[in-house]
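Okay, so here's the structure we're looking at.
The values are calculated or read from the model by the stated rules, or taken from the named source; none is laboratory data. Treat the numbers as computed from the prediction; the structure is a model and nothing was measured. Cβ atoms come from the backbone with ideal geometry, glycine included; neighbour counts cover every protein chain shown. Side chains included, ligands, DNA and RNA excluded: accessible areas come from the protein's heavy atoms. Shrake-Rupley method; radii C 1.70, N 1.55, O 1.52, S 1.80 Å.
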Amino acid sequence: MSNGTETGLKSNEEIIEELTKDLESSCLQADENCTSTEPTSAKSDASNGDAPTEVGAHVEETNVKNEDSCKSQAQPSESADSPIDFVDEELLKDREIGLTEDEKESLKNEAEKLKNEGNELFKNEEYLEAILTYTKALQACPLAYSNDRAVLYANRGAAKAKYMDKKSAIADCTKALELNPTYEKAMIRRGQLYKETDKLDDALREYKQLNSLHPENAEWENEVRQLTQLVEERNAKLKAEMLGKLKDFGNMVLKPFGLSTNNFELQKDPNSDSYSVKFNRNAS
């Protein structure tokens, strides 16, 4: 069998070698195009030992743009903005590992100062600023001081109730009670918020807890009595609505047979408390 050289045709090995060279050349060219270089001004700053300011920021942005231009598909960007009330407790936990007791105490004092500032803002009805200040205090206060953090969450919940949605305020009160389950001010505040948002069962449970802690307190006893009545009235209304819908459905099913739910009557057996159904054909 003759090889490619003898016949004037290229062999398979020669063809593969040429294709490989072309592919290698293309990859090298693409790599050169995608490689970002720093502007001369940035290199000059680095060589002088100066920390980059605006120039450094521009370099970082330029590099990112160059890298993005080399990607075959654009990646969706996510906003790095966090909610105004976000507290990264995982970050605080990591930070606390390396803190001395004196450092923890110093951070606690800083948080106390911020709390007092937040209280003044709340009194002046500057609720958004109060929320932001309480959040800063929570970011400063070490996790070891759970009671202090409970107060901060409860206070922030009060400011949120005035400025933000009550659901978020309830969440802060709940967090306060997780840190300090006997914190009555947080219980009272959460109970009020439950009432205001028509969470009657939750409100009743909250005031029952307060009443059990202070059975001599007429206010909590009155709240329990009123909420119990409201819950019963609500349940009776829901029951009536449900029975009405069931009756409408029953009438729709029975109508083709010339009947309605009025033809059926439930009768209770006084001896067994069971029910039987009595049929009355002539019922209207």
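Pairs spanning more than 20 Å between alpha-carbon atoms, out of Lys162/Lys199; Lys136/Lys185; Lys93/Lys136: Lys136/Lys185. The 3J(HN,Hα) values that the Karplus relation (6.51, -1.76, 1.60; θ = phi - 60°) gives for the stretch 179-196 are, in residue order, 7, 9, x, 9, 6, 5, 4, 5, 4, 4, 5, 5, x, 4, 5, 4, 5, 5 Hz. Gly and Pro appear as x. For the set Ile97, Ile170, solvent exposure ranked by accessible area (probe 1.4 Å, protein chains only) runs largest to smallest as Ile97, Ile170.
In Å², what does the accessible area per residue of the stretch 127-175 work out to with a 1.4 Å probe?
So the stretch 127-175 comes to 36 Å² accessible per residue, rounded to a whole number.
The modelled label-to-label distance between Glu126 and Leu91, using points 7 Å beyond Cα along the C-beta direction, is 2.4 nm.
Would you kindly state how much longer the chain becomes between Met242 and Asp165 on full extension, computed as 0.36 nm times their sequence separation minus their alpha carbon distance, in nm to one decimal?
On the way: separation 77, 0.36 × 77 = 27.72 nm, distance 3.10 nm.
Stretched out fully, the Met242 to Asp165 stretch lengthens by 24.6 nm.
The mean sequence distance of close C-alpha pairs (under 8 Å, at least 6 residues apart), as a share of the length of the stretch 92-215, puts its relative contact order at 18 percent. Remark: for residue pairs Lys166/Lys245; Lys108/Lys160; Lys123/Lys237; Lys108/Lys167; Lys175/Lys239; Lys113/Lys195, the C-alpha separation exceeds 30 Å in Lys166/Lys245; Lys123/Lys237; Lys175/Lys239; Lys113/Lys195.
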